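The structure appears right after this line, and notes come after that.
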Amino acid sequence: MIIQIPDLPNNMAGFRADGEVTKEDFEIVKLQVSNLVEKTGKLNYMLVLDTSPAEFTIGAWLQDALLGIQNITKWNRAAIVSDSDAVKTFTDVFSKVMPGEFRGYRHSEFDRAVEWVSERSEDEQYNN
């Protein structure tokens, strides 16, 4: 399941994934992302993984990939919050091949991730 994270700055979209994540779960993500890009012209995005990436169905991964392709020129900042070292490493490497900046954060760094994604803090000391 994916739910939108409430009370985030209005220049970003944030979601929390828990349990099994399906293709249908990404419908809310796609709608919110489209609205944000229309409003701001760029995509600041955060996904908090409270589940293992193994819980994403094939359809969910395809929807996630489609989300990225549809908005590839609009990506600005994206953070993936997970305590998995593999997810954090993948996110940091992914940033080198995609437009925009991508960073991995641990759950204990949630507030830092929000600050960085929302561009509230331009202090680049947050490099992980």
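The values are calculated or read from the model by the stated rules, or taken from the named source; none is laboratory data. Here the structure is a predicted model, which is why all the values come from computation and not from measurement. In this analysis, Cβ positions are derived from the backbone assuming ideal geometry, glycine residues included, and neighbour counts consider all displayed protein chains.
Here are the numbers for this structure:
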read-out: Which numbered condition Val37 misses (of (1) touching a strand residue (DSSP E or B) at 6+ places or on another chain (Cβ under 9 Å); (2) modelled with pLDDT under 65); value: (2)
read-out: Output for the stretch 40-55, where each listed residue is at pLDDT 90 or above, over 15 Å from Ile5 (Cα atoms) and of a type outside the set (D, E, K, R); value: Thr40, Gly41, Leu43
read-out: Unmet criterion (only one of (1) at pLDDT 90 or above; (2) of a type in the set (D, E, K, R); (3) more than 26 Å from Gly19 (Cα to Cα)) for Glu109; value: (3)
